[in-house]
Amino acid sequence: MEKWPSWFKASVSKTDIWENCIEGSNPSFSGRVNMIKEILAVYPGSFDPPTNGHLDIVSRASCLFPKMIVAITENMSKKHIFSLDKRIDLFRKITKNLDNVKVMSFSGLLVNYLEKINSFVLIRGLRALSDFEYEFQMALMNRKLNKKIETIFLMTDQDYMFISSNMIKEIAILGGNIADFVPDCVEKELKKYVVGLSQETYAK
């Protein structure tokens, strides 16, 4: 019978096993992490608006890491329909049942923010090959700027592979049904936005 490695203990929790794996199998990695409970993962993005796809990634990642931050940025290269405060408020509402998840904002370079909060784990969601090309480039750049940073890619659930914030905004503005794509509170806010946009257009 094959023997388990010396660090393995019978009847231990998953956390204990992971801690022992880190300590016993990769000393260079264990130097970065004393215990698994100290790992803080960060899921960054503009989230305008938050979608069911985003929530799926956060929910699954929160099961992998004991502490997690959804870091929302203004992202000046994008034209937003919701303010930064509104996006933070919406994401806090949809993650209120995830006790180990906090929603915060940040500005500036992401690697600087990670260093500031003492995190080295980035969470990113992948929908298709086109996502991977961009995300792979960003992961390499982040590693170049800070060698400690590791990017963890989670494949999106098949139900959300075709969802993007831009597509949902366009469907909402054109009067389509977005109920299957976003949480209820986000759908309500999008409808308010569309009504306001229509009134503004009519007033002109």
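Nothing in this text is a laboratory measurement; each read-out follows from the coordinates by a stated rule. The shown structure was predicted, so the numbers you read here are calculated from the model rather than taken from an experiment. Don't worry about glycine lacking a Cβ; one is built from the backbone with ideal geometry, like all the others, and counts go over all protein chains shown.
Number of residues in the stretch 59-73 that are under 19 Å from K93 (Cα atoms) and touching a Leu at 6+ places or on another chain (Cβ under 9 Å): the value is 10. Counting only strands (runs of 3 or more DSSP E) that sit completely within the stretch 60-164, those holding 3 or more residues that are surrounded by 15 or more Cβ atoms within 10 Å (Cβ to Cβ) and touching a Ser or Thr at 6+ places or on another chain (Cβ under 8 Å) correspond to 67-73, 101-106, 121-126.
Inside the stretch 47-71, residues that are farther than 13 Å from L122 by Cα and without any contact (Cβ under 8 Å) to a residue 60 or more places away in the chain make up a count of 3. For the list (1) without any contact (Cβ under 8 Å) to a residue 40 or more places away in the chain; (2) of a type outside the set (S, T, N, Q); (3) within 23 Å of A139 (Cβ to Cβ), I need the number of the one condition that R92 fails. Failed condition: (3).
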